[in-house]
Amino acid sequence: MKERRGSLDVSGRRFAIAAASFNEMVVGKLVEGALACFRAHGVGEDAIELAWVPGAFELPLLARRFAESGRYDAVVCLGAIVRGETPHFDVIAREAARGIQDAALATGVPVTLGVLTTDTVAQALERAGGSNGNKGWDAALAAIHMAAVLGEIEKGE
């Protein structure tokens, strides 16, 4: 049996971050977490590109463009959707997640979901560097891991 877990070796790998500026107070902290993860694992600043879009609904298109470019080994999507008084939350959360998954499946490039869906801003902040860790870090680590596993499969290692 051959088992693949992927090393966290980032040599020669490039990553993109797609960030939503809506709720930027939260998303900025997610971006900081993702960048800290990349740095901690040896990804150089010149191997990371960060682009901002208006909101989580726009993340899938940016992620797909990054993935289709062929310049990145993985794309990290970061956003924060906080429940309001209308069903808008459910629509945006569902379509953002589906679109992000579609970008990965259509291109074969890992696209990770670091979009928070919370009831309150306080809950979002707890997941963006508070007591519940930083989901931006987690999404970046998932990108590193997925790039490694898929890279091993492509090389037949």
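Which count do you get for residues in the stretch 79-97 that are of a type outside the set (Ser, Thr, Tyr), out of contact with any Asp or Glu (no Cβ under 7 Å at 6 or more places or on another chain) and either within 21 Å of Trp137 (Cα to Cα) or part of a loop (DSSP other than H, G, I, E, B) (or both)?
The number of residues fulfilling the criteria is 10.
Can you spot a residue in the stretch 112-120 that is more than 16 Å from Val26 (Cβ to Cβ) and modelled with pLDDT of 95 or more?
yes
Here are some residues: Gly108, Gly84, Gly133. Which one is at positive phi and modelled with pLDDT under 95?
Every option except Gly133 fails the conditions.
Regarding Ala147, is this residue among the aliphatic types (A, V, I, L, M) and surrounded by 21 or more Cβ atoms within 10 Å (Cβ to Cβ)?
Here the answer is yes, as Ala147 does meet what is asked.
Could you please find all residues in the stretch 29-78 being free of Cβ contacts under 8 Å to residues at least 12 places away in the same chain, assigned to a helix (DSSP H, G or I) and of a type outside the set (A, V, I, L, M, F, W, C)?
Those that are free of Cβ contacts under 8 Å to residues at least 12 places away in the same chain, assigned to a helix (DSSP H, G or I) and of a type outside the set (A, V, I, L, M, F, W, C): Arg39, Glu45, Asp46, Arg65.
Going by what's in this entry, would Glu152 be described as modelled with pLDDT under 95 and more than 23 Å from Pro54 (Cβ to Cβ)?
So Glu152 fits the description; yes.
Can you tell me which residue within the stretch 48-64, out of those that are of a type outside the set (A, V, I, L, M) and under 23 Å from Leu141 (Cβ atoms), is surrounded by the fewest Cβ atoms within 10 Å (Cβ to Cβ)?
Checking each candidate, the answer is Glu49.
One residue is enough: does the stretch 31-46 have a residue meeting the conditions hydrophobic (A, V, I, L, M, F, W, C), touching a helix residue (DSSP H, G or I) at 6+ places or on another chain (Cβ under 9 Å), more than 18 Å from His145 (Cβ to Cβ) and buried (at least 18 other Cβ atoms within 10 Å of the Cβ)?
Yes, the stretch 31-46 contains at least one residue that is hydrophobic (A, V, I, L, M, F, W, C), touching a helix residue (DSSP H, G or I) at 6+ places or on another chain (Cβ under 9 Å), more than 18 Å from His145 (Cβ to Cβ) and buried (at least 18 other Cβ atoms within 10 Å of the Cβ).
The values are calculated or read from the model by the stated rules, or taken from the named source; none is laboratory data. Bear in mind the structure is a predicted one, so any value in this text is a computation, not a measurement. Note: ideal-geometry Cβ built from the backbone for every residue, glycine included; neighbour counts use all protein chains shown.
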